[in-house]
Amino acid sequence: MKHKSLRLTLTAMAFAMAVPVFASEESPTLESRLASLINVGQIDEARSLLETSPHEKADRLLLEGRIHKVEGRFALASDILEKALRLRPSDITIRRELAHTQYLTGQLGRAKFHLERLQRDDSSPILQKSYAGFLTKIYQERPLSFQANITLEPSTNLTRGTSATVLATAGADIAISEESRSQSGVGLQVGLGANYNAFASPNQRLSFGLEVRELRYSVKNDLGYTGTEISLRYDLRQGRTRLSLQPYMRLQDRNDGLRTTSQGLRLNSDFTLSKRSLLLAETSVEHQKFRDASQRNGWSASGNLGVKFQATKRTRMTFGIALESNKTNLPHHRYSGTGIFASIDSSLSTGLNLSAKLSLGQRDFSDEFPLLGYARHDEFAQVTVSAWSPRWHIVGFSPTVSCSHVINTSNVTLYDYQATGCQIGFSRNF
């Protein structure tokens with residue numbers, strides 16, 4: 001019981017200011033002033049202010065509920081706020097306070113219900129992010145959770161094949177097969193996942209993950225697969241630093257008949273530079289092994305370093321550099337790559353979230369390409385635009401739309417291509 005009380009107290013310290021601060025953007029002057037007085041412990045002054053201002057019974061209950069909440073009496077605060085909500089069911093401020101209080105008391109099912117209602121009824125983009133964050137934490141804090149997602153992938157070039165028909169070599173021209181050429185079509189990806197939180201505290205979390213994924217295409221190619229991944233994830237938050245470490249193992253049965261086994265490690269971290277900026281770092285390392293095709297075995301690694309900052313109240317921008325390396329057993333497939341990227345994310349007053357990203361880079365391959373007598377060199381540019389809204393729901397699934405255009409120029413004709421495609425995804429947590 002003491003452990004639970006300590007957990008709730010620490011959680012309250014971390015989140016007690018979140019709702020009043022976020023609410024200040026669109027709250028009435030009286031409500032904002034009352035919240036400010038309560039937060040600094042001026043309880044009598046808050047009560048006096050309410051007495052001398054026009055108010056209803058629901059306003060008084062809201063005030064008393066907030067007072068009990070700040071003083072750590074979460075169960076009593078929850079009961080009072082529920083009475084206030086019954087008096088004014090459409091009051092977003094009361095529902096917001098109630099959802100947050102129930103989250104602090106561990107009533108995750110009730111908090112989830114009210115947060116989902118707030119996502120539907122509250123159009124404030126800043127508060128929408130807050131609701132989404134609390135819902136995510138609720139799913140994370142449940143010992144066992146499940147996820148499902150479906151993604152449609154229409155594309156003008158599913159295979160990333162060339163539009164050329166002939167590969168010119170020093171000896172003779174070679175016809176490029178149909179399977180290596182550009183093919184338009186639609187991909188379908190279905191995934192099911194489960195997550196078990198073995199340990200959780202205000203600053204640390206340890207969880208196990210299992211994911212099963214199926215990918216199929218409308219055109220004949222070897223890119224589809226059935227895969228299973230198991231992972232262990234450790235999250236740490238310490239001061240201004242957040243760290244996530246995730247070792248994993250993945251098994252895939254591909255359309256070309258090959259089975260691959262991969263072991264890898266993902267490491268993500270961010271460091272708060274200021275109130276408006278973050279330093280971001282991501283890296284991954286993986287070893288892939290092909291059954292009956294050992295010449296394709298090898299290591300790959302990638303990483304990026306960037307800075308994200310809050311440009312305006314509703315806009316964030318990110319700039320960074322990217323590095324990648326592939327050390328397969330096939331010499332002409334080994335490469336090192338460098339790149340830069342920039343992105344912008346914006347939340348509209350309607351609750352719609354938009355993002356755009358530009359990536360530029362190159363890859364230098366280490367050995368001569370067969371029959372050509374020189375090493376391959378690629379340069380690429382990609383633009384991606386995405387949109388989503390927490391208010392979008394289809395049979396309980398949340399849709400997102402992301403479209404991109406990529407241009408890859410290469411001195412090896414086989415890898416010279418363009419592609420325009422979209423990913424229309426539907427996801428749900430259970």
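The values are calculated or read from the model by the stated rules, or taken from the named source; none is laboratory data. The model shown is predicted, which means the values in this text are computed figures rather than measured ones. FYI the Cβ positions are ideal-geometry reconstructions off the backbone, even for glycines, and counts take in every protein chain you see.
Values as computed for the structure displayed
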| read-out | value |
| --- | --- |
| So R181, is it charged (D, E, K, R), free of Cβ contacts under 8 Å to residues at least 40 places away in the same chain and touching a Leu at 6+ places or on another chain (Cβ under 6 Å) | no |
| Residue that is surrounded by the most Cβ atoms within 10 Å (Cβ to Cβ) [pool: residues in region 117-146 that are assigned to a loop (DSSP other than H, G, I, E, B) and of a type in the set (S, T, Y)] | S124 |
| Failed criterion for R266 (all others in (1) at pLDDT below 95; (2) within 18 Å of the chain's Cα centre (by Cα) hold) | (1) |
| Exclusive hit being modelled with pLDDT of 70 or more, polar (S, T, N, Q) and within 23 Å of Y131 (Cβ to Cβ), set S78, S48, S27 | S78 |
| Region 280-301, subset among the hydroxyl-bearing types (S, T, Y) and touching a residue at least 24 places away in the same chain (Cβ under 8 Å), residue farthest from H333 (Cα to Cα) | S294 |
| Filter pass, R95 being farther than 16 Å from F74 by Cβ, surrounded by fewer than 16 Cβ atoms within 10 Å (Cβ to Cβ) and charged (D, E, K, R) | no |
| Unique match (being at pLDDT 90 or above and assigned to a strand (DSSP E or B)) among L354, L414 | L354 |
| Any chance R242 is within 24 Å of N149 (Cα to Cα), of a type in the set (K, R) and either touching a Ser or Thr at 6+ places or on another chain (Cβ under 8 Å) or at pLDDT 90 or above (or both) | no |
| Hey, R88 surrounded by fewer than 17 Cβ atoms within 10 Å (Cβ to Cβ), basic (K, R) and without any contact (Cβ under 8 Å) to a residue 40 or more places away in the chain or not | no |
| Single residue of R296, R334, R240, R291 found to be crowded, with 16+ Cβ neighbours inside 10 Å and either assigned by TED's automatic domain parsing to the domain that holds V219 or under 16 Å from the mean Cα position of the chain (by Cα) (or both) | R334 |
| Unmet requirement for Q362, which otherwise passes all of (1) buried (at least 16 other Cβ atoms within 10 Å of the Cβ); (2) farther than 25 Å from G227 by Cβ; (3) free of Cβ contacts under 8 Å to residues at least 60 places away in the same chain | (1) |
| Test set (1) touching a strand residue (DSSP E or B) at 6+ places or on another chain (Cβ under 8 Å); (2) touching a residue at least 12 places away in the same chain (Cβ under 8 Å) - A170 fails condition number | (1) |
| Qualifying position, being more than 28 Å from N429 (Cα to Cα), touching a Lys or Arg at 6+ places or on another chain (Cβ under 9 Å) and not charged (D, E, K, R), among Q189, Q183, Q204 | Q183 |
| Any hit, region 104-116, residues being part of a helix (DSSP H, G or I), β-branched (V, I, T) and over 26 Å from W388 (Cβ atoms) | no |
| Boolean, P125 is touching a residue at least 40 places away in the same chain (Cβ under 8 Å) and not polar (S, T, N, Q) | yes |
| Residues of region 382-411 satisfying the condition of being in contact (Cβ under 8 Å) with a residue 60 or more places away in the chain and part of a strand (DSSP E or B) | F397, N408 |
| G339 of a type outside the set (A, V, I, L, M, F, W, C), farther than 30 Å from H114 by Cβ and surrounded by 17 or more Cβ atoms within 10 Å (Cβ to Cβ) | yes |
| Residue, surrounded by the most Cβ atoms within 10 Å (Cβ to Cβ), within region 367-381, restricted to residues that are among the small types (G, A, S) and either assigned by TED's automatic domain parsing to the domain that holds A132 or part of a strand (DSSP E or B) (or both) | A375 |
